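The structure appears below as structure tokens.
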Amino acid sequence: MQVIIKENYDEMSKEAAQIIRDAIHLKPNLVLGLATGSTPVGTYKELIRMYEEGELDFSKVVTFNLDEYVGLPPNHDQSYHYFMHDKLFNHININPANVHIPSGIAKDFAKYCQWYEDEIKKAGGIDLQVLGIGSDGHIGFNEPGTSLASRTSLVTLTEETIRDNSRFFEKEEDVPRFAITMGVGTIMEAKCCLLLANGEKKADPVSVLVEGPITSQVTASALQMHPNAIVIVDKAAASKLKRVDYYKWAYENRPRF
Ligand code: GLP
């Protein structure tokens, strides 16, 4: 696991966008996994800037989003469909046929989840998966206790997640109780995972993700077993890490050959 500690949110976002840009330059038809939440918004802004300045072409990029609330139609302003179009897709030259976001209104969820998994496989697997982390350590919506081998499925959100995400809704009762999410096992098959975290609220889950035991109680900790995981954090999110000096040293002296 490569841990990159940045001064602040802006620096974190720029670093993440550069990694995504370099990956698209290397492979214009990159299969890019995307996340929602406030954390990646700065990265998406930076990607839009790169596109506007002619540095990036998304025309061949294929995307798969991690998750969606159950019960919210795509045009609902709190759906992750709406979020992704608002924060990224409406501002770049992505081909709409290449965009995949789980449906929160599928009729048969078991069948739908299998279809989503099959689509990822058909696309050749995810090359680079962007991730945030919940305050309870979840990736996607894989809440504490989820099998670290889980696949795309319908899940029940924790009360903590419902509380955290209620800031986007008028009232807490409006937050859906269920979601459809790529599983931890699905995420672990991405060739590279890029997890972003900022702010003090993420310091505890980040400390377990990077330095704690691998546990289904903090599903992000599964990334310790990933052969190519990059974790970019700001200073506040890194504040409970014990080996900060080494992470900084290893980043400054990373092999460039
Ligand atoms: C939601 C999403 C996660 C995201 C998390 C953190 O629960 N399902 O994918 O990582 O929120 O959100 P934020 O970035 O707003 O802290």
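Key figures
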{"read-out": "Residue with peak Gaussian network fluctuation, the chain [Cα springs, cutoff 10 Å], from Asn75, Asn228, Asn93", "value": "Asn75"}
{"read-out": "Long-range HN-HN contacts of Lys240 with modeled amide H, under 5 Å", "value": "none"}
{"read-out": "At least 20 Å along the helix axis (C-alpha) and Kyte average at least -0.5, DSSP helices within the chain", "value": "9-26"}
{"read-out": "Subset of Lys27/Lys248; Lys60/Lys191; Lys201/Lys242 violating a 22 Å alpha-carbon distance limit", "value": "Lys27/Lys248"}
{"read-out": "Solvent-accessible area per residue for the chain (1.4 angstrom probe, square angstrom)", "value": "46 Å²"}
{"read-out": "Net charge, Ser103 excluded, C-beta distance under 14 Å - Lys, Arg +1, Asp, Glu -1", "value": "-3"}
{"read-out": "5 angstrom amide H check on Asn65, placed H, neighbours 5+ away", "value": "Leu34, His100, Ile101"}
{"read-out": "Carbon and sulfur %, accessible surface of the range 2-252 computed with the full protein complex present, 1.4 Å", "value": "51 percent"}
{"read-out": "Interchain or long-range residues, amide H under 5 Å from Gln129's placed H", "value": "Gly33, Cys192, Cys193, Leu194"}
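The values are calculated or read from the model by the stated rules, or taken from the named source; none is laboratory data. Bear in mind that the values here come from a model prediction, so they are computed numbers and not experimental data. FYI the Cβ positions are ideal-geometry reconstructions off the backbone, even for glycines, and counts take in every protein chain you see. The accessibility values were calculated without ligands, DNA or RNA, using every heavy atom of the protein model including side chains. Shrake-Rupley method; radii C 1.70, N 1.55, O 1.52, S 1.80 Å.
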